[in-house]
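Engineer: I am attaching a structure below and will ask some questions about it afterwards.
The values are calculated or read from the model by the stated rules, or taken from the named source; none is laboratory data. Values in this document were obtained by computation on a predicted structure and should not be read as measured data. Cβ coordinates were reconstructed from backbone atoms using ideal geometry, including for glycine residues, and neighbour counts include every protein chain displayed. Just so you know, the surface numbers come from the protein's heavy atoms only, side chains and all, with ligands and any DNA or RNA stripped out. Shrake-Rupley method; radii C 1.70, N 1.55, O 1.52, S 1.80 Å.
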Amino acid sequence: MPEAGAASAATAASASPKSTERPNIVCVVLDSVRASNVSTYGYAKPTTPAMDRLAAEGMTFEQATSVGCWTLPVHATLFTGRYPRAHGVTVSAHALGDTLPTLAETLTGLGYETACFSNNAYISGASGLTRGFQHVDDLWRITNPRGVGVPKLTSRIKALEGRGPWLRPIVGILRRAKRARMMFKAWRSRKDSGARYTNERIRDWLLSRDRTRPYFAFVNYMEAHEPYLPPYPYNRRFLPGRYSPWRVLGVAGRRDEILAAEPRRRRVDLAILEGLYDGTISYADEMLGQLADILARDGGGLDRMALIVTSDHGDAFGEHGHLGHRLTLYEELLRVPLIVRLPDQARAGERITAPVSIGDLHPTIFDLTGSAWAGLNDFVSLLDATPHERPVMAENTGPKSIGGLVSRSRREGSLKLIWRDDGRHELYDLEHDPKERANIFASDARGNDILARLDAWADGQDDDAAQAGSASYDDETMERLRGLGYVG
């Protein structure tokens, strides 16, 4: 296992062309953005004009699938070129094992200057994901996303709730006071979740870097992550109608109660929540456009680089009875945007309909450098002239999934199988049932054939699995992950 990884790095390094021939590479992950709410993918609301422009200048992958439904294992795949079962980082307590070479380590060995700008606490030294980057900005330690940290008043309310039902009236008053404070602070606030400051730090790094070398920069924006509090005026731009700030912020602050509401209120609250989500995507898109301008001006020019835009997963808004992510493997969580703008706008305007995996970005980046990727054959370069139909897989390892369910999926063409460890497997024909409403596993014999192939694939992943390490999160990291709902 370690030998294979080492050989991969060595092969890539030996194939390295002269640095002057290699493009700069920037990979941007818009955390929690699902494809169905991106105007580039046909969404009725104009949420992503900057992404639309990049799509017109590059390749758009219409059926891009994530390898999971939450941040940590997906990013570990991006940085190792392995599915979660093979890289071993499947729960929050895991860190990337030091026997696996990372993308940044290998690119550094190829002569690239490497930098990571992270707004997500999972993408840090504690998880091993930033290993190999020469420059790391833990921006999540500096910025304070609105609503992410746990306020003192919230902690006090929870403490009072634990003292018994006789304090319910006081708890109710405090909850209303908390929502009122949120309303007055957030309704006209222009503070964001770190994207604007991130762009400033990227610009500073670009101006100070070694200009004799090509560079690889990885950027994670957290704007679209829960609890969906976009800055003014994006917090109003896509709301479904005239609602008071009290109602809007009440929805944002009590997402756990929405699904239990009576049908009409549930429908309205979900529309408000998704309107806020669309606002976060739109703001993230503006910051993406700003980043593109910075790269054009201070980063060597867009036509001398490859700019990749994607997401690690989506979010659910009532589909299949769920909200948020880290829950299931349905398309609202797995289908993500993926745009690759190549140097000199090569292949501009192409739209690729064949299913691909965002894990394919790993060999794609090696392809961009002119180096061959000799790792496992799970993924292929997206620069192949004729993308072909092949299966793509995803995994949910729990424990934050629904009922602690462990599941995995396999897509073959339009057919998608979801294996569940409780035996209640699901099969969907995405061409005729894109919202996955009709489970045909019991009635379609192809389901068992795909299931057998998925089982064989999982066994092969286990045979090649790396040993995960233990994450070393400090108190500040744990507090941020707890505020995001990942731990505790």
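Engineer: What is the one condition in (1) open to solvent by less than 20 Å² (accessible area, probe 1.4 Å); (2) touching a Phe, Trp or Tyr at 6+ places or on another chain (Cβ under 9 Å) that Ile294 does not satisfy?
Structural biologist: (2)
Engineer: Is at least one residue of segment 344-351 surrounded by 18 or more Cβ atoms within 10 Å (Cβ to Cβ) and touching a residue at least 24 places away in the same chain (Cβ under 8 Å)?
Structural biologist: For segment 344-351, residues surrounded by 18 or more Cβ atoms within 10 Å (Cβ to Cβ) and touching a residue at least 24 places away in the same chain (Cβ under 8 Å): absent.
Engineer: Here's something else I'd like to know. Picking from Arg179, Arg146, Arg131, which residue would you name as being modelled with pLDDT under 90 and open to solvent by 50 Å² or more (accessible area, probe 1.4 Å)?
Structural biologist: Only one candidate qualifies: Arg179.
Engineer: Please work out if Phe238 is within 20 Å of the chain's Cα centre (by Cα) and modelled with pLDDT of 95 or more.
Structural biologist: no
Engineer: So, one more: Which condition number does Tyr83 fail, the rest of (1) crowded, with 24+ Cβ neighbours inside 10 Å; (2) within 30 Å of Asp278 (Cβ to Cβ); (3) modelled with pLDDT of 95 or more being met?
Structural biologist: Status for Tyr83: all satisfied but (2).
Engineer: Related question: Return the residues of segment 256-276 that are out of contact with any helix residue (DSSP H, G or I) (no Cβ under 7 Å at 6 or more places or on another chain) and either at pLDDT below 90 or open to solvent by less than 70 Å² (accessible area, probe 1.4 Å) (or both); say none if nothing qualifies.
Structural biologist: Within segment 256-276, Asp256, Glu257, Ala260, Val268, Ala271, Glu274, Gly275 qualify.
Engineer: Of everything in segment 75-96, what is in contact with a strand residue (DSSP E or B) (Cβ under 8 Å, 6 or more places away or on another chain) and closer than 14 Å to Ala121 by Cα? Give them in sequence order.
Structural biologist: Residues satisfying the conditions are His75, Ala93, His94, Ala95.
Engineer: Quick check on segment 352-373: of everything there that is of a type in the set (A, V, I, L, M) and part of a loop (DSSP other than H, G, I, E, B), which residue is least open to solvent (accessible area, probe 1.4 Å)?
Structural biologist: Among them, the one singled out is Ala354.
Engineer: Another one. With (1) under 22 Å from Ala292 (Cβ atoms); (2) in a loop (DSSP other than H, G, I, E, B); (3) open to solvent by 70 Å² or more (accessible area, probe 1.4 Å); (4) at pLDDT 80 or above as the list, and Arg190 as the residue in question, which single condition is left unmet?
Structural biologist: The single condition Arg190 does not satisfy is (4).
Engineer: Within segment 446-460, track down each residue that is more than 12 Å from Leu415 (Cβ to Cβ) and open to solvent by less than 80 Å² (accessible area, probe 1.4 Å).
Structural biologist: Ala452, Asp455, Ala456, Trp457, Ala458, Gly460
Engineer: While we're looking at this one, here's another question. Only one of (1) within 21 Å of His322 (Cβ to Cβ); (2) open to solvent by 80 Å² or more (accessible area, probe 1.4 Å) is not met by Val406, so which one is it?
Structural biologist: All conditions are met except number (2).
Engineer: Could you tell me which numbered condition Gly301 fails, if it satisfies all but one of (1) under 29 Å from Lys435 (Cβ atoms); (2) free of Cβ contacts under 8 Å to residues at least 24 places away in the same chain?
Structural biologist: That leaves (1) as the condition not met.
Engineer: Report yes if some residue within segment 271-292 is part of a loop (DSSP other than H, G, I, E, B) and of a type in the set (A, V, I, L, M); otherwise report no.
Structural biologist: no
Engineer: If you check every pair at least six apart or on different chains, which have Cβ atoms under 8 Å apart with a residue in segment 471-488 that is over 12 Å from Trp140 (Cβ atoms) and crowded, with 18+ Cβ neighbours inside 10 Å first and a residue that is among the β-branched types (Val, Ile, Thr) and modelled with pLDDT of 70 or more second?
Structural biologist: Listed by first residue and then by second, the contacts come to Tyr486/Thr71.
Engineer: Would you confirm whether or not segment 309-317 contains a residue that is touching an Asp or Glu at 6+ places or on another chain (Cβ under 9 Å) and closer than 25 Å to Pro23 by Cα?
Structural biologist: So far as segment 309-317 goes, yes, one or more of its residues are touching an Asp or Glu at 6+ places or on another chain (Cβ under 9 Å) and closer than 25 Å to Pro23 by Cα.
Engineer: Only one residue in Asp98, Asp52 is of a type in the set (D, E, K, R), at pLDDT below 95, open to solvent by 20 Å² or more (accessible area, probe 1.4 Å) and over 25 Å from Ile418 (Cα atoms). Which one?
Structural biologist: Matching residue, one of Asp98, Asp52: Asp98.
Engineer: To continue, here is another question. Among (1) touching a residue at least 60 places away in the same chain (Cβ under 8 Å); (2) surrounded by 16 or more Cβ atoms within 10 Å (Cβ to Cβ); (3) out of contact with any Cys (no Cβ under 8 Å at 6 or more places or on another chain), where does Thr328 come up short?
Structural biologist: (3)
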